[in-house]
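The values are calculated or read from the model by the stated rules, or taken from the named source; none is laboratory data. Keep in mind it's a predicted model, so treat the numbers as computed, not measured. Positions of Cβ are backbone-derived with ideal geometry, glycine not excepted, and every protein chain shown enters the neighbour counts. Ligands, DNA and RNA are excluded from the accessible area calculation, which covers all protein heavy atoms including side chains. Shrake-Rupley method; radii C 1.70, N 1.55, O 1.52, S 1.80 Å.
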Amino acid sequence: MAKTDWKFNDIVTETDMNELGQEVNDAKAELGDMSIVPTVAKDAAGAIGELNTQKLSKAGDKMTGALIVEAAAREISAGTWADMSANSTGFALFAQNCYTAHNNEYRYSNTHASLGARGIRFNHTNASVEYFDTGAVATTADLEFTPNWISMRPDTAATANRAILRDANGRAKVTAPAAADDVARLDTVQTFGYGATSGTGSAYAAAIGLVSALTEGLRVTIKLHAASGANPTLNINGLGAKAILKSSGSAPAAGLLKAGSIYTLVYNGTAFTLQGEGGEYGTALAADVLAGKTIGTEAGLVTGTMPLRGGEEYAGWVRAEMGPTGPTAGRMHLRTPLGAYLNGGGNGVGYMGIFADDPDFIAENFLAGKEAFGLMGTLIQGKRVVTGSVVSSSSTSLFQSLSGNSSVQYIEITGHGFVPGLIICDAVISPDNFRRRVSYIYTGAYGPSNTYPIIDETIMTGSIGQTSTGDYYSTAASVSLTAALIRLPTRLASYTFNYYIAEA
């Protein structure tokens, strides 16, 4: 090192001069070619010293502090194809095969047949990061071009051609998918394979999203515009009508699929199968199910109507009904009311009893010594008797007396139910207020026409010994003395007669 403590009158030796010259040469080598140093750097106080202490070796080195390069273009390049540059509008660019110059110009770095260019820039205006990529295009060195910049900033909007980045909430925003291999958005996933139908209930059609082919396993969801008809089909996007089937492989019954309802179907390669049916149903109807209970059917839940028998009326005994044909000789037809008969009935566990009421089913109505359904009769055999009252009517043609009098009134009796043998009628006669009793006896003789029987009338008045008789015969075939109808002649019109009829 050259001597630095010289004093007045010191002698300069050859060694001193050589050391001084060596240090000057070393300093010059470290500074390099000063002709390319900007004037401002030469004039700045300490600038030469700073450049000297922060110099970088051509073979590679490191430095501390800021390195400021103020060239107009291609400030720093790495090899042949990578450049770091900035322009006068404030954009900083890291790029391959391109650089930015003053006035926001962008130029290719090299000439190449297909490399193209791509880069990332920092946009100081909106504090964002952007990128571009020309693709594989031909480039010419220093030829200006216009990049298509795409922002890399996270965005709440799904902007076309935007790089997928996550926002502050971790969400990636993308555009709606347009092809099968596109990234799917949430709204697309939620509605993929969904559409409303048109057409008819037997031939549905639907337009559904990205479906371009019917492939096995394709799942679609449709909202029906009309209830299904017989053997319904579905045609998606015009790809062909395919049968809609239940999981059993059978077609849904007409009306099973409801208008306004939403159904999911899966294509099995030949037909669409309904999903979520819940199994097959039997043939039970409401009348086959206990009242208050429900059963699933093709039409949904049905509430049963079958009565539950076993506790009503008479300790578990149920009132029977007459059979459809009623009683016949030696047999009474009964039937139980519809319903379910459970254990615990009238005769104990496992049994159910029935009963029927008839007020005439009593011992007094059955002949003594005869038994009917376990009931022994007590009735002593004899003739039946019927009593009642009736008002007489007037007639000029139904009866005629043997004496030729045709103006004869009559009494008409019905509902007695047996052929009469004896008929007695009496009435109170006013103004004398005595009773007039008339008895009628069928004599077996015939009238002048030898067709209708003669009826003998015997009259007893209120006075003792006052009697009169008369014989009459009927003039019409409808007049008879039968189990259904009794018509008797009398000489009193519009009087109430009390009658007594004994069986023949």
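For the range 111-127, the tally of residues that are more than 23 Å from Met152 (Cβ to Cβ), surrounded by fewer than 16 Cβ atoms within 10 Å (Cβ to Cβ) and not hydroxyl-bearing (Ser, Thr, Tyr) stands at 1.
Cβ-Cβ contacts under 6 Å between residues 6 or more apart (or on different chains), taken from a first residue in the range 354-369 that is under 21 Å from Glu321 (Cβ atoms) to a second residue that is part of a loop (DSSP other than H, G, I, E, B), are listed as Ile354/Ala320; Ile354/Thr336; Ala356/Ala320. Look at (1) modelled with pLDDT of 80 or more; (2) within 42 Å of the chain's Cα centre (by Cα); (3) not aliphatic (A, V, I, L, M) and you find that Gly344 fails only one, number (1). Candidates in the range 312-341 are the residues that are of a type in the set (Ser, Thr, Tyr) and closer than 22 Å to Ala291 by Cα; of these, the one that is modelled with the highest pLDDT is Thr336. Return the residue satisfying two criteria in turn: it lies in the range 380-404 and is among the aliphatic types (A, V, I, L, M) and at pLDDT below 80, and of such residues it is surrounded by the most Cβ atoms within 10 Å (Cβ to Cβ). Among residues in the range 380-404 that are among the aliphatic types (A, V, I, L, M) and at pLDDT below 80, the one surrounded by the most Cβ atoms within 10 Å (Cβ to Cβ) is Leu398.
Filtered by the rule that a residue be β-branched (Val, Ile, Thr) and part of a loop (DSSP other than H, G, I, E, B), the range 363-396 gives Thr378, Ile380, Thr396. Can you tell me which residue in the range 164-198 is farthest from Val266 (Cα to Cα), limited to those that are modelled with pLDDT of 75 or more and part of a strand (DSSP E or B)? Of everything passing the filter in the range 164-198, Ala172 is farthest from Val266 (Cα to Cα). The number of residues in the range 172-201 that are open to solvent by 50 Å² or more (accessible area, probe 1.4 Å) and touching a Ser or Thr at 6+ places or on another chain (Cβ under 8 Å) comes to 6. Considering (1) surrounded by fewer than 13 Cβ atoms within 10 Å (Cβ to Cβ); (2) in contact with a Cys (Cβ under 9 Å, 6 or more places away or on another chain); (3) of a type outside the set (Lys, Arg), the lone condition that Thr134 does not fulfil carries the number (1). Restricting attention to the range 230-260, the residues that are surrounded by 16 or more Cβ atoms within 10 Å (Cβ to Cβ) and more than 13 Å from Phe272 (Cα to Cα) add up to 3.
This table checks each residue for (1) in contact with a Leu (Cβ under 6 Å, 6 or more places away or on another chain); (2) at pLDDT below 95; (3) surrounded by fewer than 13 Cβ atoms within 10 Å (Cβ to Cβ).
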site: Ala271; (1), (2), (3): yes, no, no
site: Gly276; (1), (2), (3): no, yes, yes
site: Gly279; (1), (2), (3): no, yes, yes
site: Thr294; (1), (2), (3): yes, yes, no
site: Glu298; (1), (2), (3): yes, yes, no
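Every condition in (1) modelled with pLDDT of 70 or more; (2) open to solvent by 40 Å² or more (accessible area, probe 1.4 Å); (3) closer than 29 Å to Ala372 by Cβ; (4) part of a loop (DSSP other than H, G, I, E, B) holds for Ile354 except the one numbered (4). The single condition from (1) open to solvent by 60 Å² or more (accessible area, probe 1.4 Å); (2) over 20 Å from Tyr194 (Cβ atoms) that Arg219 fails is (2). The lone criterion from (1) assigned to a loop (DSSP other than H, G, I, E, B); (2) surrounded by 10 or more Cβ atoms within 10 Å (Cβ to Cβ); (3) of a type in the set (A, V, I, L, M, F, W, C); (4) modelled with pLDDT of 70 or more left unmet by Leu20 is number (1).
For the range 475-504, the candidate set comprises residues that are at pLDDT 80 or above and in a loop (DSSP other than H, G, I, E, B); within that set, the residue that is surrounded by the fewest Cβ atoms within 10 Å (Cβ to Cβ) is Ser494. Just one of (1) under 60 Å from the mean Cα position of the chain (by Cα); (2) over 23 Å from Ser88 (Cβ atoms) fails for Pro147. It is (2).
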